[in-house]
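> First the structure, then my questions, so here it is.
None of the figures in this text is laboratory data; all of them are computed from the coordinates on show. Predicted model, so just to flag it, every value in this text is computed and none were measured. Backbone-built Cβ (ideal geometry, glycine too); neighbour counts: all protein chains shown.
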There are 2 protein chains.
Amino acid sequence: MRRKLMRRVSLALVSAGLMASALVGPATAADDLRKQALEVFKPLPSTIPAVKGNKITPQKIELGKDLFFDPRLSASGVFSCASCHNLTTGGDDNLETSIGHGWQRGPRNAPTVFNSVLNEAQFWDGRAEDLKAQAKGPIQAGVEMANTPDNVVKTLKSMPPYVEAFTTAFPGEKDPVTFDNMAKAIEAYEATLLTPAPFDTWLNGDDDALTPDQKKGLALFMDKGCAACHSGVNVGGHGYYPFGVVEKPGADILPPNDKGRFAVTKTAGDEYVFRAAPLRNVAVTRPYFHSGKVWDLGQAVAIMGNAQLGEALNDGDVKLIVAFLGALTGKVPEVVLPVLPAETDATPRPTAEVVKP
Amino acid sequence: MRRKLMRRVSLALVSAGLMASALVGPATAADDLRKQALEVFKPLPSTIPAVKGNKITPQKIELGKDLFFDPRLSASGVFSCASCHNLTTGGDDNLETSIGHGWQRGPRNAPTVFNSVLNEAQFWDGRAEDLKAQAKGPIQAGVEMANTPDNVVKTLKSMPPYVEAFTTAFPGEKDPVTFDNMAKAIEAYEATLLTPAPFDTWLNGDDDALTPDQKKGLALFMDKGCAACHSGVNVGGHGYYPFGVVEKPGADILPPNDKGRFAVTKTAGDEYVFRAAPLRNVAVTRPYFHSGKVWDLGQAVAIMGNAQLGEALNDGDVKLIVAFLGALTGKVPEVVLPVLPAETDATPRPTAEVVKP
């Protein structure tokens, strides 16, 4: 049975031109479970991860936090990063797809910002290589924050405390208030948003951190092949796979007009390919999938069984896997709300106008 | 000159059928300034103010904080109380009028939530007698959060941690999760949002807490008659006065279709009557007036001089009064973001649909 599944997964991955880097060994006794899990997963780091091309400093973090919460980064003055990546509700907005400028709908479900620094790339299609690239997207997207880099910089330069904070966070730069530096500061703040979970405690050696059902669910998660894609420190967030390796889900869940990574690579093989979703905090970030069409985690697991593994998981197995996924719900870091600089006469006025392209 | 002004103000107030409870004595030497000010103003209380019909407890405050930040109190799942009463930007949204459900505009500028517990009544027209009555308004308003009490209660009851928190906050009640109790909890949290300002430090005896210009501005604020309406602990927030006691401002600032308190009392004398705005944090809560049409504080002061006092304040006086108003910008209490309960299968789904009445 297991061999058949692994073959099926391997075949599917190979047929998609992909091979998981960490393949899964057999789950036997409970004693071996951790050893096996540590071959596939990694506990969260105990310190803020280093980020390529952006040395993380306390000054950048502090500035980035202000920016993350500042609604004046949007044209309307209504939305901040925290609107759709709400730190009170799992780091996302719990909507099918986000609502933005002019009450327009974003095209895909907003992923959680928690632990997102650990993803190999950002967005469902991986089109941003890191969080500093990602942060620039929604601010400019007409259906999200609908702003322009020029207007953002003008806004930030209009408030002396921001100018001071940029000068401190980017020492030695002649003109530190830039759109790029804004994105770097936001990335620095987001890199602090890690949520250690019971699964980490267990990986780190505490046998009691998982319930018996969660351990059974973990074993199933590895045995059935889920961990072939959802692996590593973020239990996913790296690697690109077709949604429907074995069987395409219905058009309600996989809308035909969103071809995923194809839009990035223009390669036929990337049609309906998405980055494997990182699963930390998945239990508190419904609804699911890039389309946000599935609200029940068990249903999402069952769909993945059919679509990616070609296996109709029974209700008992689904329940155990859901129990394991619950062990990925982490402790949210304490966030003290910033007090933002006040506007001045030079601050551009907010506009609610919707400019159609 | 002073006598003429006081007569003018008194006449204007009498002609509006109103008389300020605290009239203003003459400002002479700097030594007398505090004594005179204490006849008109009061420093913030050092403890959370008691609220009529709602004993404030730590449990209610904690629950109310969760509710204040919970976007699931809105039909769309997009807006929480904190959206328009943003604690990072002065307790308001810094928009002319708020943007709500369906990208609709609210009819009036959102006032700051900071120190609002000290207002005699809530809303620009005083139509809610307290914050627990106020809290129910925006949640149900079609252009704001567009929800219904039934759907709110269903939402809250669907999340066990909320049921537990209501049970703890309202002990002995058989069915504690109610729309009324939600409002009471929000009121309890909002009562904690006091912002002690340099003006309080000065009123409490620290001569150096105000700059010389701020002291001059305070003296002018009292001498010119501003303090006839903007008095008390919240420097306003009590008493109803016509906007345009002496001279009606233009239709851009006082739109003819918003007759203010007339809509509440249906009394002809209440046409274009509004509650005197509380002025704490006024320097960080632009734009100004119920219409939100004025973005510059100096301009707002000048308009008030003409409209309410019949006096064209010179630029120097305006500048000094603005300096004094800056001394009302308070220290925002430290707010740790709550981590909200996760939705369950029983939680009503968000809807972005705009239902036209």
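> Using the Karplus curve 6.51 cos²θ - 1.76 cosθ + 1.60 with θ = phi - 60°, work out ³J(HN,Hα) for each residue of region B:185-199 in order, rounded to whole Hz, and write x for Gly and Pro.
5, 4, 4, 4, 5, 4, 5, 7, 8, 9, 10, x, 10, x, 4
> Now, a different point. Can you list the distances in nanometres, one decimal and ascending, from the residue A:333 label point to the identical position in each other copy, with the point 7 Å along Cα to Cβ?
Distances between equivalent label points, in nm: 2.5.
> Right, next: Could you give me the ³J(HN,Hα) list for region B:315-325, computed from phi with Karplus coefficients 6.51, -1.76, 1.60 and θ = phi - 60°, whole Hz, x at Gly and Pro?
Taking θ as phi minus 60°, the curve returns 4, x, 5, 4, 4, 5, 5, 4, 4, 4, 4 Hz for region B:315-325.
> Now, a different point. Could you tell me the calculated FRET efficiency between residue A:129 and residue B:257, based on Cβ-Cβ distance and R0 = 60 angstrom, to the nearest 0.05?
Values: r = 52 Å, r/R0 = 0.87.
Efficiency, from the Cβ-Cβ distance: 0.70.
> Let me ask you something else. Calculate the spin-label point distance for residue A:271 paired with residue B:48, positioning each point 7 Å from the Cα along the beta-carbon direction, and give it in nanometres.
Using points 7 Å along Cα→Cβ, the separation is 6.0 nm.
> Can you tell me how region A:37-133 classifies by the Cα gyration tensor, rounded, prolate or oblate, using a/c under 1.5 as the rounded cut? All intermediate terms of the calculation are to be shown ahead of the outcome.
Working: a/c = 2.00, a/b = 1.36, b/c = 1.47.
It comes out oblate by the Cα gyration axes.
> At residue B:257, with labels set 7 Å past Cα in the Cβ direction, how many nm apart are the copies from this one, shortest first?
Computed spacing set for this position: 3.4 nm.
> Is there a pair in A:55/A:184; A:157/B:319; A:216/A:248 whose C-alpha atoms are over 18 Å apart, and which pairs would that be?
Details: A:55/A:184 9 Å; A:157/B:319 24 Å; A:216/A:248 28 Å.
Exceeds cut-off: A:157/B:319; A:216/A:248.
> Here's something else I'd like to know. Once you order the gyration tensor axes a ≥ b ≥ c over the Cα atoms, which shape class does chain A get: rounded for a/c under 1.5, otherwise prolate or oblate by comparing a/b with b/c? If you can, show how the numbers build up before the last one.
Details: a/c = 2.24, a/b = 1.65, b/c = 1.35.
Taking the square roots of the gyration eigenvalues as a ≥ b ≥ c, chain A is prolate.
> Mind checking region A:204-309 for trypsin sites (Lys or Arg not before Pro) that DSSP puts in a loop (not H, G, I, E or B) and that have at most 12 other Cβ atoms within 10 Å?
On the way: sites: A:215, A:216, A:224, A:259, A:261, A:266, A:275, A:280, A:293; in loops: A:224, A:259, A:261, A:266, A:280, A:293.
The qualifying sites are A:266.
> While we're on this one: Give the residue list of trypsin sites (Lys or Arg not before Pro) in region B:52-118 that are DSSP loop and have at most 11 other beta-carbon atoms within 10 angstrom. Write out the running numbers ahead of the final one.
On the way: sites: B:52, B:55, B:60, B:65, B:72, B:105, B:108; in loops: B:52, B:55, B:108.
For trypsin sites (Lys or Arg not before Pro) across region B:52-118 that sit outside H, G, I, E and B with at most 11 neighbouring Cβ atoms in 10 Å, the list reads B:52, B:55.
> Next up: Can you list the HN-Hα couplings for region A:136-151, worked out from phi with the Karplus curve (6.51, -1.76, 1.60; θ = phi - 60°), rounded to whole Hz and with x for Gly and Pro?
6, x, x, 4, 9, 5, x, 8, 10, 9, 6, 9, 10, x, 4, 5
> A 23 angstrom limit on the alpha carbon distance is what I want to check against. Which of B:65/B:331; B:224/B:266; A:65/B:60; B:259/B:331 exceed it? All intermediate terms of the calculation are to be shown ahead of the outcome.
Values: B:65/B:331 19 Å; B:224/B:266 32 Å; A:65/B:60 29 Å; B:259/B:331 35 Å.
Checking Cα-Cα distances, B:224/B:266; A:65/B:60; B:259/B:331 exceed 23 Å.
> Calculate how steeply helix A:2-15 sits against the longest principal axis of the alpha-carbon atoms of chain A, using the helix alpha-carbon long axis, and give the answer as 0 to 90 degrees to the nearest 10.
40 degrees
> Follow-up question, since we're still on this one. When each copy gets a label point 7 Å from Cα toward the beta-carbon at residue B:348, what are the spacings between them in nm, shortest first?
Result, one decimal in nm: 3.8.
> Could you quickly flag the chain B residue whose beta carbon comes closest to the rotation axis taking B to A, and that distance in whole angstrom?
B:103, 2
> As an exercise, identify the GluC sites (Glu not before Pro) in region B:88-164 lying in DSSP coil whose Cβ has no more than 14 other Cβ atoms within 10 Å. Intermediate values should be presented prior to the final figure.
Numbers: sites: B:96, B:120, B:129, B:144, B:164; in loops: B:96, B:120, B:129, B:144.
Of the GluC sites (Glu not before Pro), the ones in loops of region B:88-164 whose Cβ has at most 14 other Cβ atoms within 10 Å are B:129.
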